[in-house]
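Worksheet: one structure, shown below.
The values are calculated or read from the model by the stated rules, or taken from the named source; none is laboratory data. Since this is a predicted model, take the numbers as computed values, not measurements. Methodologically, a virtual Cβ is constructed for each residue, glycine included, from the backbone with ideal geometry; neighbour enumeration extends over all protein chains shown.
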Amino acid sequence: MLYNAISNPVKLLINGVIDLVYPPLCLVCERKLIKLEDQLCNSCLDGFNLLGEPHKEFSVPGQVYLGSAWALFDFDPAFQSLIHHLKYSRRRKPILTVLNHHEQKILGQLDPPYDWVISIPLHPRKQRERGYNQVDGMSRWLAEKLNSQFGDHLVKRIKYTQSQTKLNAQERQENVSKAFAIKSEQDIVGRRVLLVDDVLTTGATANTLAEALINFGAIGVDLITLSAPSERKA
């Protein structure tokens, strides 16, 4: 409260002293940030490897309900560090900085129009544990840029699933089977949906939600994720 009451010139002086003693560092490379750089240095922003190619085949067993999928950046150590900060350190702003920095290339990959942009939902228990869905910021950013509606209120996760990290494709599919429910059929019928997630591996989770949306009348469901390993097999 006291800090909020301090005048702007004094705040600037205090912040300057703090930065001098504890200089802000890039979240990824830990280099000292220069003026106008915010949490990420320009070198890291430019260095993130934008993949740029849609995935049209998936290693999920059974029918594929996703039309196409785009993974924006290579899940290399640098981007992996950024996603770790996003999920576990409550550092949500840097992802928006990355999206704004690469805006034209990102939007150029998509196939609008989409009626809804929807984050892959977390189970309520996991949502409470983390405090937020790590891709909601990206979903809202895309909805604004694509003149679409943000539709997280339309779906929910009804099954608490174990981590997919160490599961094979068949196990991943079984793990997320019947994990989602649609809240409003009337808002889905005849609509195109863009799903949003953080990392694309087999696509099992997104495909399960896409199945539910298609069964409720969606005419097309695509997926965009922040990242995927560039050596992954689609």
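Only one of (1) in a loop (DSSP other than H, G, I, E, B); (2) closer than 19 Å to Asp222 by Cα; (3) at pLDDT 90 or above fails for Gln63. Which number is that?
(3)
Please go through the range 134-162 and give me each residue that is under 17 Å from the mean Cα position of the chain (by Cα) and either of a type in the set (Asp, Glu) or more than 18 Å from Val221 (Cβ to Cβ) (or both), ordered by number.
Gln134, Asp136, Gly137, Arg140, Trp141, Glu144, Lys145, Asp152
Tell me which residues, restricted to the range 44-60, are farther than 17 Å from Glu103 by Cα and either β-branched (Val, Ile, Thr) or loosely packed, with under 14 Cβ neighbours inside 10 Å (or both).
Passing the criteria: Lys56, Glu57, Val60.
Being touching a Lys or Arg at 6+ places or on another chain (Cβ under 8 Å), farther than 26 Å from Ile224 by Cβ and not in a loop (DSSP other than H, G, I, E, B) is the filter here, so list the residues in the range 23-60 that pass it.
Leu25, the sole residue that qualifies.
Given the conditions (1) modelled with pLDDT under 90; (2) surrounded by 12 or more Cβ atoms within 10 Å (Cβ to Cβ); (3) over 27 Å from Phe58 (Cα atoms), and given that Lys159 satisfies all but one, which numbered condition is not satisfied?
(3)
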